[in-house]
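Report on the structure given below.
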Amino acid sequence: DEVILGHTNEPEFKKLQNNEFMEALRDRTVKIDVPYITRLENEVKIYKKDFNSDKIPHIHIAPHTLEMASTWAIMTRLEDPKKADLTRLQKLKLYNGKTLPGYNEDNVKELRKEAIREGLEGISPRYIQDKVSNALVKNGHLGCLNPFMVFNELEAGLKHHSLITSQEQYDLYKEMLAITRQEYEDIIKNDVQKAISVDETAIQTLCANY
């Protein structure tokens, strides 16, 4: 007895299933879905392998740059929560281990169970890597990279994304990008408020980080 393991994209698998000459193979095939990552800290790890001070020492990457790209990518993969009081961004934070009023670990497990196709659609890590690379090339002469530069590349690339097949999907991805931009602004304000509440040295340190 033998087991052959293989992997392919979902559209290619559906094409195989629709081929009437492959009935014997279909009858012996067990499909296992492998979704994209939906936990923020794990997504960030993918990009930190390639975009870090060791591999690109001549360019400074501002705080939250990779986290914001990851946030947007994951939000495109999540399904809208069935609970009206919960947004995709809040759902992302719950999946990443954050606590929200009225939600515990059991609630998070419930959220994952009710989302049947979560992670099987949305933006791929490859797209994020390509656009971060584009941003590095375009802004390399400045010696730094920040989330705004990456946001611009992510948005510009949507017009030419081959997997975006409808205006509705395009509008949704742009909406998720706007939400991510707002989240970044909130994070910046929080960083500054924390630094101001400590002392002048903390503000100088924060500026140096950015």
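Simple spin-label estimate for THR201 and ILE4 gives 6.6 nm between the two label positions (7 Å along the Cα-to-Cβ direction from each Cα).
Both the radius of gyration and Dmax for the chain are 20.4, 73 Å, in that order, over alpha-carbon atoms.
Helices in the chain, meaning DSSP H runs of at least 4 residues, each add -39500 (n - 2.57). Divided by all residues, the mean residue ellipticity at 222 nm is -18000 deg cm²/dmol. Rounded to the nearest angstrom and ordered from largest down, what semi-axes does the equivalent ellipsoid of the range 1-51 get from its C-alpha gyration tensor (root of 5λ)? After scaling each eigenvalue by five and taking roots: 33, 13, 9 Å.
In this view, the solvent-accessible surface of GLU67, computed with a 1.4 Å probe and all protein chains in place, comes to about 60 Å². The charge dipole of the chain, taken about its Cα centre with unit charges on the Cβ atoms of Lys, Arg (+1), Asp and Glu (-1) only, comes to about 180 debye. For the chain, the relative contact order comes to 24 percent (Cα pairs under 8 Å, sequence separation of at least 6). Structural descriptor for the range 135-210: relative contact order 17 percent, calculated from alpha carbon pairs under 8 angstrom and at least 6 residues apart. Over the range 85-181, Cα pairs under 8 Å with separation of 6+ residues give a relative contact order of 16 percent. Taking the C-alpha atoms only, the angle from helix 147-158 to the longest principal axis of the chain is near 30 degrees. A Cα-only calculation for the range 147-210 places Rg and Dmax at 16.8, 51 Å. Axis angle, to the nearest 10 degrees, between helix 125-139 and the longest C-alpha principal axis of the chain: 40 degrees. In the structure shown, the pairs LYS131/LYS189; LYS45/LYS93; LYS48/LYS131; LYS49/LYS131; LYS49/LYS98 are assessed against 20 Å; a Cα-Cα span above that value is assigned to LYS131/LYS189; LYS49/LYS98. Looking at the range 39-94, the accessible area is 47 square angstrom per residue; that uses a 1.4 Å probe and ignores ligands, DNA and RNA. Seen against the Cα atoms of the chain and their longest principal axis, helix 200-209 is set at about 40 degrees. Among the protein heavy atoms, those of VAL3 account for about 130 Å² of accessible surface (1.4 Å probe, every chain in place). Considering only protein heavy atoms and a 1.4 Å probe, what is the carbon-and-sulfur percentage of the accessible area of the chain? The C+S portion of the solvent-accessible surface of the chain is 52 percent.
Translational diffusion coefficient, Stokes-Einstein: compute it for the range 91-170 using the Kirkwood radius over C-alpha pairs as Rh, at 20 °C and 1.002 mPa s, and state it as an integer in µm² s⁻¹. Walk me through the numbers before you get to the answer.
Details: Rh = 15.5 Å.
Answer, rounded: 139 µm²/s.
Length gained on full extension, ASP106 to LEU25, computed as 0.36 nm times the residue gap minus the Cα-Cα distance: 25.2 nm. The listed residues TYR103, TYR47, once ranked by accessible area (1.4 Å probe) with the largest placed first, stand as TYR103, TYR47. Calculated accessible area for the range 151-210 comes out at 66 Å² per residue, all protein chains present (probe 1.4 Å; ligands, DNA, RNA ignored). First check a/c for the range 1-90, with a ≥ b ≥ c the square roots of the eigenvalues of its C-alpha gyration tensor; if it is under 1.5, answer rounded, and if not, answer prolate when a/b is larger than b/c or oblate otherwise. Oblate, since a/c reaches 1.5 and b/c is not below a/b. Among the trypsin sites (Lys or Arg not before Pro) found in the range 38-74, those both in a DSSP coil and sparsely packed, with 13 or fewer other Cβ atoms within 10 Å of their Cβ, are LYS49, LYS55.
Each peptide in 124-134, 69-79 gets a packing score, the mean of other Cβ atoms within 10 Å over its residues, and the list from highest to lowest is 69-79, 124-134.
The values are calculated or read from the model by the stated rules, or taken from the named source; none is laboratory data. Bear in mind that the values here come from a model prediction, so they are computed numbers and not experimental data. Virtual Cβ from ideal backbone geometry, glycine too; neighbours counted across all protein chains shown. Surface areas here come from the heavy atoms of the whole protein model, side chains and all, with no ligands, DNA or RNA. Shrake-Rupley method; radii C 1.70, N 1.55, O 1.52, S 1.80 Å.
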